[in-house]
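Data first, discussion second: the structure below is written as structure tokens.
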Amino acid sequence: MSKKNNKSNRTEAAKLPAKSTSDGVFLRVISNTIIALILIVVLYIGKTNNVGYAFMWDTLVKQNYAMVKENSHIPYLDRNEQRHGVSYKYLADIKKQTPEDALILMPADSSLNKVDPKYGFNELKNRTKATFFLYPRKPLYRTDTFDRAMLPKATYVAIFSGDGYADVPNPPADRNPFTVIKIK
Amino acid sequence: MLLIGLFVTFLLGFSVVQLLLKKPTLLEILGLSVMIGLGIQTFVMFLLNFAGMNISSSSTLIISAVLILLFSGLYFWQYKTIPGVATFENFSFTANFGAPNLVWLICIGFTAFIIYSMSLKALFWPTYATDAITSFDIYAKAIAHEGKLINSLIFEHRVGPGVAYPPLYTLGVAYFYQLGFENANVISVVFLVGFAVSFYALFLRISNSTSAAFFTLMVVSIPEFLAQSAVNITSGPQAVYSSLAVVSFFVWIKNKENKGYFLLSAVLLACSGFIRSEDILYMAPLFLLVVYYIFATKELSIVDGVKYITIGFLPFFLWQLFLKVNIAIMDKYVQVEMMGSPNFAQWRKVWDLGYNTIMTTQYYGATVYLFLIVILASIAAFVIKKDKLSIWSVAIVIMVFLGYLVLVNQMKLREDTIDNIVSFSGKRFFFGVTILMWVAIATNYFVAAAFEKIHSLISKPEQK
């Protein structure tokens, strides 16, 4: 009898941890599911009821991700043009045609004003921005206080919409309306 | 060259993190190393140039290599083991990454996707932020090309006022340019990824993995912070360094036997002060806490305090000295003068501007509203449970926020108005404050207890 009891006790004892372990796992799975669902509902409510979180998720995260995936083939330099417009293309062209130590006489405001502002060439009036794209070349502006003393040292003239040839000592016969010409 | 340069930055940061923390987790190494390495490298670049030498990638790399050997040698001498070995001894996933559960998985999954998407965006676009084009990025190009801080763009007045900012950020971009990187935005990715990983890793030291993962998701989801983190300007990185300095200090408060986190906090604070001068607003409450732990609880010695304050303050101080030495050239770029006597006349206006900015949910989501609730909970935790961390974390947020308002109130601007500054830059001032608001929410006694309950309910019990 006692031998039988002992055996049965041992069997019970062996079963107990297994039962409690499986109960524990089951409880954890249920708890995980419930709390995860609560979390998702909270995140969803936050996103749908707050303009900041909606902007963060829909625009910053999802829209940007889709945009980058869709446009990853676009070369890096073309992305600059997309961001900074046609004025960047003009400056990139000047950069390509001039050496690093070039001092470039930039188009006068009057020349830039002739073109419809919708094309965005007014950006070329911004001396710091032009320096950013041309550096280490330096753009020189006719009316700028800091550039005035350096104007006679200009080594190139930026031709814009056909203007600028007056500053070129020996202008070429074939006048490209958008280019840069070496003068020294 | 690009990868070698980045790897050297990582190794330098790694050697410092190892030396300070003795046995950091893998995530602490991965998160903190590049940010700290970059902080030290830019400080070296600055010192070299201040001493009259030119800044070049080779000089930076050689000095970095010497420092790596020095810090690794010190580690070996102190702990009699090779750096890195301690982290991988008896390596366990739970100890290094936290105990996983479904909530953890969802939070980590969302965080990873947010960071990945923003990193893609940062690397896709070239520089376009006005402040970067007119100040930080253009200045970095000139430093990289001419090898000096006082360069031709400064003499010819071709840069904006950002050149008077402490130079960690511009020197960091200059370093990347010297290595051959084409897109300066790579620095934004360094800080964004580094921040998310470090925040989670450090938080794991003061809470459980469920809480750490949830609050990491919350901080990377602060809408305006995330929006600006992919733009190469200084506000995001400054918020990253300063908030991590506070979290690291809290790790020390929770585990006082490991003074490494106390010193790590000082190093992060030093980096923060070397990126924007307003970091004094974060230094002030942390220095006060140091004084408290020296004199009130005597858990820090005076030597510890001197070490902390010296490390935290030194780069900021040396930059101010650099500006003073070069005042004739740099003065025209310093936009702000501070009024000595209190300026009560505009306080109401500054308060309204600051209040309206921080209460804008479009910028910070639910952060401020939840923090306001937690203020009451923290007072209750302090009164009922004598929990100091709850009250420290709230007090730091309030001090930094009010500090910003006082700072703006006392500013005399040379070429701008207070309205403009707060309207256009105000939302960027509060990135660090709002990150710390989430830290205050997470470290509140009752919130931490609730997360402890949730975590024990959904995570596998730890094997004894």
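Just so you know, all these numbers are worked out from the coordinates, no wet-lab data involved. Predicted model, so just to flag it, every value in this text is computed and none were measured. Don't worry about glycine lacking a Cβ; one is built from the backbone with ideal geometry, like all the others, and counts go over all protein chains shown.
Structure summary
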item	result
Dipole axis of chain A (+1 Lys, Arg; -1 Asp, Glu on Cβ), positive-most option in A:LEU134, A:ASN64, A:GLY24	A:GLY24
Max mean-square fluctuation residue, GNM over chain A, Cα-Cα springs under 10 Å, options A:LYS125, A:LYS138, A:LYS69	A:LYS69
Label point at A:LEU27 placed 7 Å out along Cα→Cβ; residues across the range B:429-464 whose backbone nitrogen lies under 17 Å	B:452-463
Inverse mean reciprocal Cα-Cα distance (Kirkwood Rh) of the range B:265-398, Å	18.0 Å
Computed FRET value (nearest 0.05) for A:ASP144 with B:ALA112, which takes r as the C-beta separation and R₀ as 45 Å	0.40
Residues B:SER198, A:SER87, sorted so that the one with the fewest Cβ neighbours within 10 Å comes first	A:SER87, B:SER198
Test item: A:47-56 mean partner chain Cβ contacts at 10 Å	6
Calculated log₁₀ intensity ratio I(q)/I(0) where the Debye formula runs over C-alpha points of chain B, q = 0.08, 0.09, 0.11, 0.12 Å⁻¹	-0.45, -0.57, -0.88, -1.07
For B:446-457, mean number of other protein chain Cβ atoms within 10 Å	1
Selection from B:MET118, B:SER72, B:TYR364, by position along the positive dipole direction of the protein assembly as shown (Cβ)	B:SER72
Ascending count of other beta-carbon atoms within 10 Å, so fewest first, for B:PHE97, A:PHE178, B:PHE71, B:PHE295	B:PHE295, A:PHE178, B:PHE97, B:PHE71
Inter-chain shielding of B:154-160 (mean C-beta neighbours from other protein chains, 10 Å cut-off)	4
Relative contact order, percent, the range B:330-464 [alpha-carbon distance under 8 Å, six or more residues apart]	39 percent
Cα-Cα separations in the range B:1-100 greater than 23 Å, expressed as whole percent	32 percent
Cα-centred dipole magnitude for the range B:270-401, charges only on beta-carbon of K, R (+1) and D, E (-1), debye, nearest 20	160 debye
Size of electric dipole in chain B: Cβ of Lys, Arg +1 and of Asp, Glu -1, about Cα centre, debye, nearest 20	880 debye
GNM top mover of A:GLY164, A:GLY52, A:GLY24 - chain A, alpha-carbon springs below 10 Å	A:GLY24
Relative contact order (%) - criterion: Cα under 8 Å, at least six apart; region: chain A	17 percent
Mean Cβ count within 10 Å, highest first, over the residues of peptides B:170-183, B:149-162, B:260-273	B:260-273, B:170-183, B:149-162
Pairs of Cα atoms farther than 43 Å apart, the protein assembly as shown, %	29 percent
Length-normalised contact order for chain B - Cα pairs under 8 Å, 6+ apart - percent	18 percent
Using alpha carbons only: equivalent-ellipsoid semi-axes of the range B:19-165, gyration tensor based, whole Å	36, 26, 9
Charged-residue dipole, Cβ positions (Lys, Arg, Asp, Glu), the range A:34-132 about Cα centre, Debye nearest 20	140 debye
